[in-house]
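Read through the structure below, which is laid out as structure tokens, and then see the notes.
The values are calculated or read from the model by the stated rules, or taken from the named source; none is laboratory data. Note that the structure is predicted; figures quoted are calculated from it, not measured. Note that each Cβ is placed from the backbone with ideal geometry, even for glycine, and that neighbours are counted across all protein chains shown. The protein model used for the area step is the full one, side chains on, heavy atoms only, and it has no ligands, DNA or RNA in it. Shrake-Rupley method; radii C 1.70, N 1.55, O 1.52, S 1.80 Å.
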Amino acid sequence: MVKNPVPNYNVEAPGESKLLDGIARFTMLISGAATFICAIFLFYTFFVFNGNTTAPASDALANIETFKKLLIAGAAVLAISTTYLFWGEDSLGVLQLIGAALLFAAPYYLPAMAGTSSGNANVTSAALQTLQMGGLIAGAISIVGIAIDLVGKIQLRVRQGSKADQLKYGKGIKEERDIQNVFMGKCWQLPFCRKFVREKCPIYHSKRTCWKERVGCMCEEEVIRNAMEGKVIPRDMVAAAKYIPRNSKLNPEQKAERCRQCVIYNEHQKHKYKLALPVIIVGIGGTYFFGREPLKNALGGVLERADTTVQKLTYSTEQPVLDANGQKLGPDGKPLAGADFDSLGVFKEVMLVCLMFVLLAYLMKLVEYLFFRLKV
């Protein structure tokens, strides 16, 4: 049995699938090479023009403009092709966001690595802005892919719950249509409870649930036999509870395992999953809305410590010159607007949104693991 199968939301013909896979692999290689070459060129340009050089700035700016188009196109195509090829992989979104963050954060770690700047601020600023733009494009596409993947997985789990081949009790049974599918209802209020058994079921008359009693109509022979024989069960809740079978041949863990393999209990797990979804989404949204500023400040602290660490490792002790608004100034005394891409706050905001999406994705995976693997 294959563990953690990747859900296939779009079924394609074999020939078409191979053709699309081949195209995606080719574009991934080409766009990956283009993105890598552009990034290396921009890194090189930044370091060259960060110090004294006799190279003409006009040529550098023209080259940067050309590589800007290639980097943006390459980063976008790379994000799309890797999303198609590795759709459903747990690590896909995280790796894409890490790559996008490396480009987007270039204005914050490259100056620290380069140290003292005595070169052309216009060229270095344009190179950093281009790197940041490529990271922004790749990150945006990655976030959209994560969101679509989450929606698809949510729809699949809500519709199917656990895989049918993992079930043992009640596998293949059709839903009963005579009773409402009550959200978070008891076993006899769910679609797979059979009417002819329910009328003679002590669980039903005692108003309890089979998974709490570890005895049910899908797994316990005595419940089915009593229903087939037409055994009369008292309608009184207390009296009916005395008729619930007690299987002494199985230990509690074996009885719990029967529940995990039962179609009725799996339906109950689907309801729990539906209940957990809005709780997690509202929780993440509330965390972002109410904790936005403290979280951004915490991210700023992490970035400052990272910048200090890089400066120590590169033996750079020069502190950046800032204006009254906290914006970095170049050698000519003018703000490096291009390098900061509006402000450091934009970077922290984007990073916070990415972290919220990653947290949401992994919380959903945790809920799936608890409800459909452990089946707690």
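Observations
- Candidates Leu295, Leu250, Leu275, filtered to the one that is open to solvent by 20 Å² or more (accessible area, probe 1.4 Å) and not in a helix (DSSP H, G or I): Leu250
- Just one residue in the set Ile40, Ile64, Ile23 is among the aliphatic types (A, V, I, L, M), within 20 Å of Phe104 (Cα to Cα), assigned to a helix (DSSP H, G or I) and open to solvent by 40 Å² or more (accessible area, probe 1.4 Å); that residue is Ile40.
- So Ile154, is it open to solvent by less than 30 Å² (accessible area, probe 1.4 Å), within 30 Å of Gln269 (Cβ to Cβ), assigned to a helix (DSSP H, G or I) and not hydroxyl-bearing (Ser, Thr, Tyr): no
- Of all residues in segment 235-292, those being more than 26 Å from Leu156 (Cβ to Cβ) and either touching a Pro at 6+ places or on another chain (Cβ under 6 Å) or charged (D, E, K, R) (or both) number 11.
- Of all residues in segment 321-329, none satisfies being among the basic types (Lys, Arg), at pLDDT 85 or above and not in a helix (DSSP H, G or I).
- Taking (1) at pLDDT 85 or above; (2) in a loop (DSSP other than H, G, I, E, B) in turn, Glu12 satisfies each apart from (1).
Residue-by-condition table, conditions (1) touching a residue at least 12 places away in the same chain (Cβ under 8 Å); (2) more than 19 Å from the chain's Cα centre (by Cα); (3) surrounded by fewer than 20 Cβ atoms within 10 Å (Cβ to Cβ):
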{"residue": "Ala55", "(1), (2), (3)": "no, yes, yes"}
{"residue": "Ala75", "(1), (2), (3)": "yes, yes, no"}
{"residue": "Phe86", "(1), (2), (3)": "no, no, yes"}
{"residue": "Leu92", "(1), (2), (3)": "yes, no, yes"}
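- Taking segment 206-240 as the range and being over 17 Å from Gln189 (Cβ atoms), part of a helix (DSSP H, G or I), open to solvent by 20 Å² or more (accessible area, probe 1.4 Å) and aliphatic (A, V, I, L, M) as the test, the residues that pass are Ile224, Met228, Val238, Ala239.
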